[in-house]
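A.B. asks: Following this message is one structure expressed as structure tokens.
Just so it is clear, none of the values below were taken in a lab; they were calculated from the coordinates. For clarity, every value in this text was computed on a predicted model and none was experimentally measured. Here the Cβ positions follow ideal geometry from the backbone for every residue, glycine too, while neighbour counts run over all protein chains shown.
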Amino acid sequence: MSLPDSDHDVIVSELGRDPTAAEAALFENLWSEHCAYRSSRPLLSAFDSESPDVVVGPGDDAAVVALDDETYVTMGIESHNHPSYVDPYDGAATGVGGIVRDTLSMGAYPIALADSLYFGSFDREHSRYLFEGVVEGIADYGNSIGVPTVAGSVDFHPDYEGNPLVNVACVGLVTDDRLVTAEAKRAGNKLVLVGNATGRDGLGGASFASEDLSEDAETEDRPAVQVGDPYTEKLLIEANEALIDEDLIRSARDLGAAGLGGASSELVAKGGFGARIELDRVHQREPDMNALEILLAESQERMCYEVRPADVDRVEAIAERFDLGCSVIGEVAEGNYVCTFEGETVVDVPAEFLADGAPMNDLDAVEPTQTERDLPNADLGEAFEAVASSPNTASKRWVYRQYDHEVGVRTALRPGDDAAVVAVREAETGVAISAGANPNWTTAAPYEGSRAVALENATNLAVKGATPLAAVDCLNGGNPEKPDVYGGFEAIVDGLAEMCSTLSVPVVGGNVSLYNDSVAGPIPPTPTLAMVGAKDGYDAPPLSLSGGGTLLLVGADGDALGGSEYLAQVGGSDRFPALADDPAAVVRTLAAVANWESTLSTHDVSHGGLAVALAEMVTAETGVAVEFDDAVAAFDETPGRAVVETTDPESVREAFEGVAPVETLGTPTDDGALSLTVGSETLNYAAEELADLRSVIERELD
Amino acid sequence: MTVAVVQFGGSNCDRDSVRALSHLGVDAERVWHEDGLPAETTGIVLPGGFSYGDYLRAGAMAARSPIMDEVRAAAEEGTPVLGVCNGAQIGCESGLVPGAFTTNRSARFQCERVHVRVENADTPWTDAYDAGDVLELPIAHGEGRFEIAAENYDRLEREDRILLRYCDADGDVTDAANPNGSTGNVAGVLGDRESVAVMMPHPERATLPDLDGTDGQGVLRGFRR
């Protein structure tokens, strides 16, 4: 891939000359889809990104949201899709590294990770290879750096076969007096590069991420994938803390896509400055690197700091203490962004033009259509077992057992529940985290399915008693130059924006990944959302039945199976279910009810419908018997619904009066079994049989 | 009275250990390995993590860093030393305790809750329990399988130096309850003195009452004596 002619013309007209080779490479990477959002930025204005809690919105390395006057959380999300296809272990690991450094550059300490992963069919050997490699890469990197991976999602869908998705989110913690941004403050301040030495790795990663994966990408594009070094990342975390402790950092940006050139030019451009950078001063790992390589290498574990001249010695001493390389590469300056190499000027362009001058694409979109109802006549028992043992609905224990989800001693509610809760004792607040999307939903109905994704994440938080605070999104799509793909992408953006806005959840940042297209075709449009919520205290009702209460179903079903796991298993089609008229009221009321003493357990209804939700709640001691009118009622996945086990059903009904219907499902039984009656047919499963059905991933991979 | 929580490059349970000890009223501080042990050190924690990335054998690099000479000297004078997880691996590699921790039977990292049985309750670390008590503690390791030569294992048993064994919820020491394939289901052992102990489970993750479970408090109370 090289600079398109039309871009070349824009650059020549701005500069009044041909770009140098180094400039052309910089423009190619910084103006790539991955860095410049050329095809998506026109759509992103749909998102509401403001609320009284938002301290720093979109556009910085990570967003910042207030828990109280002094305590803030940072939120960021990033995709590492193409690298994870080419080299699943390193591709996924470096995704974790990148989003953690985005957290560091806000002055924050990373306290939680959430990963949403999407692979081709689980029965395909290649999908399993990618799945195992990605999980191991995330585990080895995240575990090493001591940041717990507490939440996330894993989905399998045939359309990810040629292009898996790895979306990684990080939540950090920072106080008002430690907050740093990526906006350069003052001409004359030094630019200091701290961390790993720069080598020839990850050259052109940004542009590689901005084109379709070719058939031979696994071998051809391997040089574009970086290799991570979590040990150095951990040292960088410690050094960053020490630098912030001593107030030595004026602004910061981590080195990610487009390497040093990207980070340094964006940092100074944001402050309205230029820079003078001597590329020879960058500490290098290999001999004879040229200017272009030093500028664009995506070597990992590096940070660019703006430092007052008087503080440079101290910064160097701290880097030295943590065995990190450190070089003063130049300074913030008025005028252009200028880089010299061996005494020669190799880059001399306006920083803002480089950072923000990319022309936007105006692409054709074809609006997606919905399918009509055509339901098969499936055997109930076969259908239930297929849905409950589908890797999409099955237990993800095999995954999260490999992640250290407890380091940091904040994890109050561990993975395996609807949301994780981490204790932020600094603000006496429980921060709940939920992340995910559902490719079946957004394939069936991109707009409605994407609304449902937002509502489902909010419901996950609400059933654990947390009120949604803010979200970041990772919008994944295929090749936007295909009108139907772009139409689907536009629909997931609009759907997500609409529901987040309805729920008053500001979307404070995100990432767009397009060209997730391969010879196998485009991926399903995939709007991963990572949402955080806040609650008083850290206790939450568990997902498992405790017995001794009444089981209620809260929320209206949409009476349709479009996008359901049921249809994925038994075939057929249906429209996507309609969502609640006032989902914000449902979420608000659920969050309140979940915190009542009388609430014994809660679980949201989503993947696999009510039948699977109940199967997940049954324990060896406590079971339940429920009757359904038909298969639609049992397997309908309409989100914004929850099963609530309560000792005070009357108060729950009162709370939901005028908000959502409340139906009594029954009283928990003491036989530890699930009994499902649909019409005249009844299925019975002991807790052990259900656990066995749900352990498909462990069984197949261990 | 200050417990030094030794931070190597790559340690990641150092802050957690300080937080848990502070909760129990034990004065504790993080000590960067290059700075050496403070003069007033009254106890030492070798915390969990991935010292030096575990790029060689787990704990091997940290065991050879200069501060470990100080730790060994302090241990010989009776200063309580507790190695947890990576700290346990460092303890083996540095000769504070016999044996070695190596790759789990599953060959994967495992983060989960396990049960352990208190084998010897007559140590500072287990004084709060009775022999035979069953504790629920978190583990989080990829290399926690305890291996030791048969004659050394016999000696450990003879000298009552096996501190904790993996067991089921009822306290039965079974193969099914052994999460990583450790010899004799060993989860924690004592050094030459009972004031030196290492264990793979994380007591500091089962100490704070606002999280799930506080069975680890008794272990950390060993520093209060």
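A.B. asks: Residue by residue through B:6-14, how many Cβ atoms from other chains fall within 10 Å of the Cβ on average? Let's see the in-between values first.
C.D. replies: Numbers: counts 0, 1, 0, 9, 10, 3, 12, 6, 2.
Counting Cβ atoms of other protein chains within 10 Å of each residue's Cβ and averaging gives 5.
A.B. asks: What ranking of A:H157, A:H80, A:H603, A:H283 emerges when the number of other C-beta atoms within 10 Å of each C-beta is taken as an exposure proxy, fewest first? Intermediate values should be presented prior to the final figure.
C.D. replies: Details: A:H157 22, A:H80 32, A:H603 25, A:H283 16.
Ranking A:H157, A:H80, A:H603, A:H283 by Cβ neighbours within 10 Å, fewest first, gives A:H283, A:H157, A:H603, A:H80.
A.B. asks: Moving on to the next point. What order do you get for A:Y538, A:Y109 when you list them from fewest to most C-beta neighbours inside 10 Å?
C.D. replies: Least crowded to most crowded, the residues run A:Y109, A:Y538.
A.B. asks: Another question about this same structure. Averaged over A:408-416, how many beta carbons belonging to a partner chain fall within 10 Å of each residue's beta carbon? Don't skip to the end; give the middle numbers.
C.D. replies: On the way: counts 6, 16, 5, 4, 4, 2, 6, 1, 0.
Shielding by partners across A:408-416 averages 5.
A.B. asks: Once both labels are modelled 7 Å past Cα along the beta-carbon direction, what's the B:Y55-A:S598 spacing in nm?
C.D. replies: Label-label distance for B:Y55 and A:S598, simple model: 6.0 nm.
A.B. asks: I'd like to compare A:327-333, A:316-322: which one has the highest average count of other Cβ atoms within 10 Å, and what's the full order after that? Mind showing how you got there, number by number?
C.D. replies: Numbers: A:327-333: 20.9, A:316-322: 17.7.
The packing order, highest mean first, is A:327-333, A:316-322.
A.B. asks: For A:H283 and A:L683, what does the FRET efficiency come to when R0 = 56 Å and r is the distance between their Cβ atoms, rounded to the nearest 0.05? Could you put the intermediate results ahead of the total?
C.D. replies: Details: r = 65 Å, r/R0 = 1.16.
Efficiency computed from Cβ-Cβ geometry: 0.30.
A.B. asks: Report, in whole Å, the centroid distance computed from the Cα atoms of the range A:31-91 and the range A:128-172.
C.D. replies: 18 Å
A.B. asks: Could you list B:M200, A:M106, A:M360 so that the one with the fewest beta carbons within 10 Å of its beta carbon is first and the one with the most is last? Kindly include the intermediate steps, with their values, before the conclusion.
C.D. replies: On the way: B:M200 32, A:M106 28, A:M360 12.
In increasing order of surrounding Cβ atoms, one gets A:M360, A:M106, B:M200.
A.B. asks: For the range A:612-671, what are Rg and Dmax over the alpha carbons, in angstrom?
C.D. replies: 12.7, 36
A.B. asks: Please give the charge dipole size of the range B:2-223, origin at the Cα centre, charges +1 on K and R Cβ atoms and -1 on D and E Cβ atoms. Round to the nearest 20 debye.
C.D. replies: On the way: 18 positive and 37 negative charges, 123 e Å.
Dipole about the Cα centre, nearest 20: 600 debye.
A.B. asks: Further, regarding this structure: Do the sum for the protein assembly as shown: with -39,500 (n - 2.57) for every DSSP H run of n ≥ 4, divided by all residues, what is the mean residue ellipticity at 222 nm, to the nearest 500 deg cm²/dmol?
C.D. replies: Taking each H run of at least 4 residues, the total per residue is -8500 deg cm²/dmol.
A.B. asks: Give me the dipole magnitude in Debye, nearest 20, for the range A:599-689 about the Cα centre, with unit charges on the beta carbon: positive for Lys and Arg, negative for Asp and Glu.
C.D. replies: Values: 2 positive and 19 negative charges, 32 e Å.
In debye, rounded to 20, the range A:599-689 gives about 160.
A.B. asks: Considering only DSSP beta bridges whose two residues both sit in the protein assembly as shown, what percent are antiparallel, to the nearest 5? It would help to have the intermediate numbers written out before the result.
C.D. replies: On the way: 120 of 160 bridges.
Percentage antiparallel, nearest 5: 75.
A.B. asks: Could you order the peptides A:542-551, A:132-141 from most to least packed, using the average number of other C-beta atoms within 10 Å per residue? Write out the running numbers ahead of the final one.
C.D. replies: Values: A:542-551: 19.2, A:132-141: 23.6.
Result, highest mean first: A:132-141, A:542-551.
A.B. asks: Quick one: the Cα spread of the range A:541-699 along its three principal axes, in angstroms, biggest first?
C.D. replies: Extents along the principal axes: 39, 38, 33 Å.
A.B. asks: What's the center-to-center distance, using Cα atoms, between the range A:565-615 and the range B:52-81 in Å?
C.D. replies: Distance between centres, Cα-based: 52 Å.
A.B. asks: Taking every pair of alpha-carbon atoms in chain B, give the share separated by more than 31 Å as a whole percent.
C.D. replies: The proportion of pairs with Cα distances above 31 Å equals 10 percent.
A.B. asks: Below 21 Å Cα-Cα, how many Lys pairs turn up in the protein assembly as shown? Only count pairs eight or more apart in sequence, or on different chains, if you could.
C.D. replies: Values: A:K185/A:K270; A:K190/A:K270; A:K396/A:K464; A:K464/A:K535.
The result is 4.
A.B. asks: Please get the size of the charge dipole for the protein assembly as shown, origin at its Cα centre, with Cβ charges of +1 on Lys and Arg and -1 on Asp and Glu, quoted in debye to the nearest 20. Can you show the working numbers first?
C.D. replies: On the way: 60 positive and 161 negative charges, 401 e Å.
In debye, rounded to 20, the protein assembly as shown gives about 1920.
A.B. asks: Distance from the Cα centre of the range B:182-222 to that of the range A:537-558, in angstrom?
C.D. replies: 35 Å
A.B. asks: P(r) for the range B:1-40: what percent of alpha-carbon pairs falls in each 5 Å bin, starting at zero?
C.D. replies: In whole percents, the pair-distance histogram is 6, 27, 31, 22, 12, 2.
A.B. asks: Starting from a Cα-only point model with no solvent, please compute log10 I(q)/I(0) by Debye for the protein assembly as shown at q = 0.10 1/Å.
C.D. replies: For the requested q values the scattering log ratios are -1.15.
A.B. asks: For chain B, modelled as a Gaussian network with Cα springs under 10 Å, which listed residue fluctuates most, B:R165, B:R145, B:R105?
C.D. replies: B:R105
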